[in-house]
1. What is segment A:2-133's relative contact order, in percent, from Cα pairs under 8 angstrom and six or more apart in sequence?
2. Once label points are set 7 Å from the Cα along Cα→Cβ at both A:Lys116 and A:His133, what is their separation, rounded to one decimal in nm?
3. Filter A:Lys9/B:Lys42; A:Lys116/B:Lys67; A:Lys9/A:Lys89; A:Lys35/A:Lys61; A:Lys89/B:Lys16; A:Lys9/B:Lys31 down to the pairs with a C-alpha to C-alpha distance above 32 Å, please.
4. For every helix of n ≥ 4 consecutive DSSP H residues, a contribution of -39,500 (n - 2.57) applies; sum these over chain B, divide by its total residues, and give [θ] at 222 nm rounded to the nearest 500 deg cm²/dmol.
5. Counting only C-alpha contacts under 8 Å and six or more residues apart, can you give the relative contact order of segment B:2-108 as a whole percent?
6. Would you mind calculating the gained length between B:Ala106 and B:Ala35 on full extension (0.36 nm times residue separation, minus the Cα-Cα distance), in nm to one decimal?
7. Let's test the formula: R0 of 41 Å, r as the Cβ-Cβ distance of B:Lys70 and A:Gln5. What FRET efficiency results, to the nearest 0.05?
8. Show me the helices of chain A, taken as full DSSP H stretches, that run 15 Å or more along their long axis by Cα and average -1.0 or above in Kyte-Doolittle hydropathy.
Amino acid sequence: MSSIQLPAKIENMGLLVQFISDIARKFGFSGKRIKEIELATEEALVNIINYAYPDHSGDIKVTCTRDPSKAFVIKIEDTGIAFDLLSLKDPDISVGISDREVGGLGVFLIRKLMDKVQYHRKNKKNILELVVHIPTK
Amino acid sequence: MEIIKSGKENDALIVKINGRMDAVTAPEFEKAMGAWIDESEKYFVVDLSSLEYISSAGLRSILVIAKKLKALNGKIFLAAMEEAVNEVFEISGFNSIIPIHDTVQAAIRQF
């Protein structure tokens, strides 16, 4: 298990994503899958950075583990306002350029790219888990 | 991320983006493109052959610029996208709202 905790600020996003992708690389994910993991984690982190702490500063904690079912689990925690990102509706991706909105696209990408996404609220924390199957050699 | 003006052909400004377009760097794209639009450029070919990564923040910036150009009767064509970037465009449905060409030359021929 490895973890990192940093203030929820945009300038820390790169470090947090790098931390996760370095571990993913050790688990043997392909270059393509690593970029998908980076994308899903960026979307989750940006959401916390932009919305979790509207009137005070706070941290983001990231913990990476390998669970017994051979999955790579990225746990992302914050102590900000309660927010279940899985409650967001998927964006309408069929509309033309003038009506197209980008809100909700980040969450949509997380859902599409990760094998499993779980949210729970516990001890005043938002806990988001992104689960990715580890490739068998 | 790096944004380079690499030439002008058939009235289209050719812009090359290198590196990663994420929540930190996407606003730089919007700013650079916005400045060219303010200089009356209306037609763009964006060479994405060296763009390694894009997130929803990057898509958002491209959409903002595409909408701005549409209002000015301008055009933006994306070209030479690599696989990982193409996947994000496909999943999000952006490949059906922004014209994408296999090569920069193919995009230039549209003007």
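Values in this text are rule-based calculations from the coordinates and carry no lab data. Predicted model only: the values in this text are computed from it and were never measured. Every residue, glycine among them, receives a Cβ derived from its backbone with ideal geometry; neighbour counts consider all protein chains shown.
1. Reported as a whole number, the value is 26 percent.
2. It is 1.2 nm.
3. Going by Cα-Cα distance, A:Lys9/B:Lys42; A:Lys116/B:Lys67; A:Lys89/B:Lys16 fall outside the 32 Å limit.
4. Computed mean residue ellipticity for chain B: -12000 deg cm²/dmol.
5. Once divided by the residue count of segment B:2-108, the mean separation gives 27 percent.
6. 23.0 nm
7. 0.40
8. In chain A, the long hydrophobic H runs are A:13-26, A:31-51.
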